[in-house]
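The values are calculated or read from the model by the stated rules, or taken from the named source; none is laboratory data. Here the structure is a predicted model, which is why all the values come from computation and not from measurement. Glycine also receives a Cβ, built like all others from the backbone with ideal geometry; neighbour counts cover every protein chain displayed. Calculation scope for accessible area: heavy atoms of the full protein, side chains included, ligands and nucleic acids excluded. Shrake-Rupley method; radii C 1.70, N 1.55, O 1.52, S 1.80 Å.
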Amino acid sequence: MTKRIFSGVQPTGNLHLGNYLGAIRNWVQMQHDYEAIFCIVDLHAITVPQDPEALRAATREVTAAYIACGIDPEKNTIFNQSMVSVHAELGWILGCYTPLGWLNRMTQFKEKMQLRKADAEDQLKKIRHELKQYKKGKGRLEELLHFVEIFVEAGIEDSEKTTQAKLGLYSYPVLMAADILGYKATHVPVGEDQKQHLELARDIAGAFNRRYGVELFPQPEPVIQGAATRVMSLRDGTKKMSKSDESDYSRINLTDDADTIAAKIRKAKSDMEPGLSFDVEKRPEAANLINIYSALSGDKRDDIVSRFATSGFSEFKKSLADVAVAHLEPITGEMRRLQADKGYIDAVLKRGAERANDVAQGVLKEVKDVVGFLRV
Ligand code: TYM
């Protein structure tokens, strides 16, 4: 069977170091050994509100980033998802084989809705504690009511968020399964945060195959590799680096210039421990910066730690800034150059969409025949 990669990035602005180290850089390495399809997933992007002009611009920007990072547009297929209607069609079909229970387990959906389950559990604990005190005659009724009020208000807010959230956000992972299965992709290189979505894609492939007793869809293998499969925020080592973080200082964007990169690393959160050591639990910020250093320089984590074991954070950060700028500056420059040439970018996307469509239409035909849709 053809070894085929499928992967994608959402065109939602602020392409960052996490996207690069967790995904795109691995694609660059893998493109030589696989047939590869790289998508700019604009259908996924509209699961949260997008400005139309910004969406178009971001689609071209991500395309430029793929090429600037080293994806060869001649050898590989690069296209934006909405140009190939198979994604939406197959997404619908696969949705009919996906139990709601599977979707309810997806954590990213809950995170995006920002449900405050953890807060609620915390409040409930406080209420129980106050109630106990009150029964013992030690607590005050006002105190108890205060916590009950917060709890109820948070519940109302969450329930409003749930009813306002869009169906697309919920069925997002089914569309992602369609992206992958629509090309019978065998390998999917992604960052660690996409692992659960990939497991779902495997489950859906299995459910469809079993339902009809066929081997139509292969089980796609997640490829999660490298020194930084989960790059964390520069402001909080326990939170993922993300496009949607309000603070621009939490991430290094692929469009940042050298001074900005250096300033962001200088200001990155650190800790008060002397010297450098790697301990994800106790020193999450240091661990994140060491991982980034290792991923960008190619140096082993242990070597980096022993080199800076006795020096302060500022010396380590200075060296990290140098490494980051040396690695990212050529990419940023090339991105800028490519973005100025819209005609070229659009031609790459057009050709990519044609190639992608050829493959995906073939798979969709097979699916339609298996399901029993009449094709006349
Ligand atoms: P998206 O756009 O959020 O992220 C694109 C890729 O970047 C990786 N990534 C990270 N890796 C390490 N550290 C981080 N902080 C970090 N943030 C993001 C993601 O894991 C991803 O590989 N649902 C996907 C897009 C998608 C897709 C697909 C991917 C749609 N269909 C089919 C693969 C196959 C997403 O939102 O990625």
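Using only the alpha-carbon atoms of region 55-107, report the extent along each of the three principal axes, biggest first, to the nearest angstrom.
41, 25, 23
Checking the cross-link filter: which aspartates and glutamates have an alpha carbon closer than 18 Å to that of Lys135, excluding same-chain neighbours under 8 positions apart?
Reachable aspartates and glutamates: Glu143.
For the chain, what is the percent of antiparallel DSSP beta bridges, rounded to the nearest 5? Please list the in-between numbers first.
Working: 2 of 16 bridges.
So the antiparallel bridges amount to about 10 percent of the total.
Convert each backbone phi in region 57-67 into a coupling constant with the Karplus relation 6.51 cos²θ - 1.76 cosθ + 1.60 (shift: θ = phi - 60°), then list the ³J(HN,Hα) values in order as whole Hz, x for Gly and Pro.
3J(HN,Hα) across region 57-67, in whole Hz: 5, 5, 4, 5, 5, 5, 4, 4, 5, 3, 5.
Would you grab the residues whose amide H sits under 5 Å from the one on Gly139? Only those 5+ places off in sequence or on another chain, please, with H modelled 1.01 Å from N.
Residues meeting the criterion, in which the H sits 1.01 Å from N, are Tyr134.
Percent of accessible area on the chain owned by carbon and sulfur, 1.4 Å probe?
Percent of accessible area from carbon and sulfur atoms in the chain: 52.
Count the net charge of all other residues whose Cβ sits under 10 Å from the Cβ of Tyr134, scoring Lys and Arg as +1 and Asp and Glu as -1. Each step should come with its number before you reach the end.
Values: positive: Lys132, Lys135, Lys136, Lys138, Arg140; negative: Glu130, Glu143.
Once positives and negatives cancel, what remains is +3.
In square angstrom, rounded to the nearest 10, how much accessible surface does Val280 have for a 1.4 Å probe?
In the full protein context, Val280 sits at about 80 Å².
Accessible surface of Glu121 in the full protein assembly, 1.4 angstrom probe, to the nearest 10 Å²?
100 Å²
Cα centroids of region 59-119 and region 188-214: how far apart, whole angstrom?
Cα centres, region 59-119 to region 188-214: 13 Å.
Just to check I understand the Karplus step: with θ = phi - 60° and J = 6.51 cos²θ - 1.76 cosθ + 1.60, what whole-Hz values come out for region 98-112, glycine and proline as x?
10, x, 4, x, 5, 5, 4, 7, 5, 6, 5, 4, 5, 4, 5
Enumerate the amide H contacts of Gly237 below 5 Å, restricted to partners 5 or more residues apart or on another chain; note that Pro and chain-start residues carry no placed amide H.
Long-range HN contacts for Gly237: Glu285.
Starting from 0 in steps of 10 Å, tell me what percent of the Cα-Cα pairs of region 106-161 lands in each bin.
Result, from short to long distances: 24, 42, 23, 10, 1 percent.
For every other residue with a beta carbon closer than 11 angstrom to the beta carbon of Ser311, add +1 if it is Lys or Arg and -1 if Asp or Glu, then tell me the sum. Working shown, then result.
Working: positive: Arg307, Lys317, Lys318; negative: Glu315.
Here the charged neighbours net out to +2.
Which order do the peptides 331-339, 20-28, 58-66 come out in when sorted by mean C-beta neighbours inside 10 angstrom, highest first?
Descending mean neighbour count gives 58-66, 20-28, 331-339.
Can you report the principal axis dimensions of the chain using only the alpha carbons, biggest first, rounded to whole angstrom?
79, 52, 38
Against the 2.2 N^0.38 Å scaling, with N counting residues, where does region 110-250 land? I'd like the Cα-based Rg ratio to two decimal places. Walk me through the numbers on the way to the answer.
Working: Rg = 22.0 Å, N = 141, 2.2 N^0.38 = 14.4 Å.
Normalised Cα radius of gyration, region 110-250: 1.53.
Quick one: of Lys132/Lys161; Lys110/Lys184; Lys184/Lys243; Lys161/Lys239, which pairs are farther than 26 Å apart, Cα to Cα? Display every interim value, and only then the final one.
On the way: Lys132/Lys161 32 Å; Lys110/Lys184 29 Å; Lys184/Lys243 29 Å; Lys161/Lys239 22 Å.
Pairs exceeding 26 Å: Lys132/Lys161; Lys110/Lys184; Lys184/Lys243.
Grab the other residues whose beta carbon is less than 15 angstrom from that of Leu276, score K and R as +1, D and E as -1, and report the net.
On the way: positive: Lys269, Lys282, Arg283, Lys300, Arg301, Arg307, Lys317, Lys318; negative: Asp271, Glu273, Asp279, Glu285, Asp299, Asp302, Asp303, Glu315.
Around Leu276, the charge tally is 0.
Compute the Rg to Rh ratio over region 48-153 from the alpha carbon atoms, using the Kirkwood formula for Rh, and round to two decimal places. Each step should come with its number before you reach the end.
Values: Rg = 24.9 Å, Rh = 19.4 Å.
The Rg/Rh ratio comes out at 1.28.
For region 196-298, compute the orientation-averaged projected area of the C-alpha convex hull (one quarter of its surface), in nm².
9.4 nm²
Quick one: how many Å² of Leu141 are accessible to a 1.4 Å probe, rounded to 10?
We get 80 Å² for Leu141.
For Val223, enumerate residues with amide H under 5 Å from its amide H, sequence gap 5+ or separate chain, H modeled in the peptide plane.
Val188, Val190
Quick check for you: with a 1.4 Å probe and neighbouring chains kept, what is the accessible area per residue of the chain, in Å²? Walk me through the intermediate numbers first.
On the way: 18970 Å² over 376 residues.
Each residue of the chain exposes 50 Å² on average to a 1.4 Å probe.
Output wanted: per-residue J couplings in Hz (rounded whole) for region 215-226, from phi through Karplus 6.51 cos²θ - 1.76 cosθ + 1.60, θ = phi - 60°, x for Gly and Pro.
Here the 3J(HN,Hα) series is 10, 5, 9, x, 7, x, 8, x, 10, 10, 9, x Hz.
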